[in-house]
Amino acid sequence: MAENGEVTIVGTGARLEGNVVSAGNLRIDGQVKGQINADGDVVLSPQSQVEADIRSQNVSVAGRFKGNILVKGKAHLARGGRIDGNITSKTLVVEEGGIFHGQSNMDAGAGSGSPSTQASQQSAGAAAKEGEEKKPDQVKV
């Protein structure tokens with residue numbers, strides 16, 4: 001959780017469309033469609049319905065979520081929660097009764113961009129370096 005303890009709440013009857021940005025933690029009880037960026041944690045309560053991409057420190061999903069999740073720490077899917085989309089996190093916890101349709105990429109550097117992009121950039125960089133020292137037909141990829 002964020003150090004200042006600040007929590008932004010999207011109430012049960014609320015429906016937001018667009019970009020939601022929070023300097024602290026965010027709890028969603030209502031409906032959100034768009035982008036969610038939080039410096040702290042994002043919690044989707046059991047009655048929440050969210051169609052968005054989430055970027056935050058940690059996320060906990062107990063409601064219905066459709067989109068992609070990119071967190072620096074832990075992604076948690078609670079009993080009764082549903083995720084239709086991809087998750088990139090350092091840690092993933094799926095409780096019994098949680099439904100997950102998508103791909104999971106667990107990476108220690110989850111918050112710093114797409115891990116597959118980083119890996120391909122590192123491979124390309126290594127190949128280019130080898131190419132300088134060896135003939136092109138000897139480059140290992």
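Just so you know, all these numbers are worked out from the coordinates, no wet-lab data involved. Only a predicted model underlies this, so the values are computations on that prediction, with no experimental measurement involved. Here the Cβ is made from the backbone with ideal geometry for all residues, glycine too, and neighbour counts use every protein chain on show.
Some notes on this structure:
- The alpha carbon gyration tensor of region 21-116 gives principal lengths a ≥ b ≥ c with a/c of 1.5 or higher and a/b no greater than b/c, which makes the shape oblate.
- Residues 104, 89, arranged from fewest to most other Cβ atoms within 10 angstrom of their Cβ, appear as 104, 89.
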